[in-house]
Amino acid sequence: MGRSIYCVVTAAGSGTRLGNPGPKALVELAGECLLHHALRTLEPLEGLAGVVITAPRDYLETFTQVAQDASLSYPWKVVAGGSTRQNSVYLGLQGLLSFDRDTGQVAADDREAIVLIHDAARALTPLEQFQRVCRAVASGCPAVVPATKLVDTVREVAGESFTRQEVAITPAGFTPDRSRLRCVQTPQGFAGNVIFAAHQQGREKDQAEGGALDDAMLVASLGYPQYFVAGSRRAMKITYPLDLQLATWLAQNPNRE
Ligand code: CTP
Ligand code: MG
C-alpha cells in the first residue's frame, strides 16, 4: 500500500462500568492486560510509522512498562490523556506529530498519512479489521468506520418515563429500519489532514456532554462523507464484567465467534 500509518490507542479511561480497581486498560484478559493485547495486534501492520497510547495521568510509567514489555518493533510513545475520550484523542494526535521528525516518514497530519484511532477497550480487534480500514482510506475514503449489523430491533423513546404500579414505564415510538442501521467500532481510519482538522474544530466547539461520541462524527461535522467497512464481534468493547467474560472466551477460542 505504501502509505504511512499512524495510530492513537486510547487507554486513558478509568473503566467505571467494569468496576475493577485501576484503569481498564490494565485489566487482565487471558494472561495479559487489555493494552498489551491491543498493542501486539498492531505489530504486523505494514506501514505502521508510530503509535501514541493515551494513559491516565497517574499511570504514565505503568503504561510505558506495558508497552516496553510487549517488545514492539514500531515506534511508540505514551502521553497523558484528558478528561473525556475526545480530549484524549486530541492529545494523542498531537503526540503523533513528533514521529516524522524521528523517522523521516510523512507527517501524521499530511493528507497522505493514514491515521487510525483505536480503543484499547476493544482489545481483541483482529488485525484484518485494521487492514480493511487502512485499505478503504488508501482507496480515497476520508473517514472509515468498521461497523456491524444490529442484533436487536431498536425503537425510539417517545416521551418522559413515569411510574405505575411501581414499574418504570417509557412511551415508545418510531422503529427505524434495522437493515439501515449499524453499530460502530474502532479502529476508525482517516486521511491525516482530515482528522487533525476535525479535532481542531471539535476543540473549539462546546465540549459539554463529554465531547463527541466518536471521531468520525467530528469529521462528518466538517462535511466529509464517512464510509463503513465490515466490523467484527471480536472487536466488541469491553465495558461491563460480562463483556470481560465473553472476551476471555474469545481469546481462548481464536477460531470461533
Ligand atoms: N478513554 C480515554 N480517555 C478518556 C476516556 C476514555 O482515552 N478520558 C478511552 C478508554 O480508555 C477506552 C476508550 O476511550 O479505551 C473507550 O472508552 P470506554 O470504553 O468508555 O472506557 P472508560 O471510559 O475507561 O470506561 P467507563 O466509561 O466505563 O468509565
Ligand atoms: Mg467512558
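Seen against the Cα atoms of the chain and their longest principal axis, helix 60-69 is set at about 70 degrees. Size descriptors for segment 209-257 (Cα atoms only): Rg and Dmax, in that order, 15.4, 42 Å.
Relative to its Kirkwood radius, the Cα radius of gyration of segment 96-139 gives an Rg/Rh of 1.03. GNM on the chain, alpha-carbon springs under 10 angstrom: the most fluctuating residue among Gly92, Gly50, Gly15 is Gly15. In a Debye calculation with equal point scatterers on the alpha-carbon sites of segment 63-168 and no solvent, what is log10 I(q)/I(0) at q = 0.14, 0.16, 0.24 Å⁻¹? Each listed q corresponds, in turn, to -0.78, -0.95, -1.58. Note on the chain: helix-only mean residue ellipticity at 222 nm, from DSSP H runs of 4+ residues weighted -39500 (n - 2.57) and normalised by residue number, equals -9000 deg cm²/dmol. Each 10 Å bin from zero holds the following percent of Cα-Cα pairs in the chain: 7, 29, 36, 20, 6, 2, 0. Residue separation of Arg256 and Leu242 scaled by 0.36 nm, minus their Cα-Cα distance, works out to 3.3 nm of gained length. Shape index of segment 144-225: Rg/Rh, with Rg the Cα radius of gyration and Rh the Kirkwood radius from the inverse mean 1/r over Cα pairs, equals 1.11.
Global size of segment 1-54: 13.3, 42 Å for Rg and Dmax (C-alpha atoms, Rg to one decimal, Dmax whole). Per residue, the convex hull around the alpha carbon atoms of segment 1-142 comes to 108 Å³.
Percent of C-alpha pairs per 10 Å bin in segment 109-257, short distances first: 10, 30, 32, 21, 6, 1, 0.
Counting only alpha carbon atoms, the long axis of helix 241-252 and the longest principal axis of the chain meet at about 50°.
Of all DSSP bridge pairs formed entirely within the chain, close to 40 percent run antiparallel.
Rule-based calculations on the coordinates, nothing more; no lab input. All values derive from a computational prediction rather than experimental measurement.
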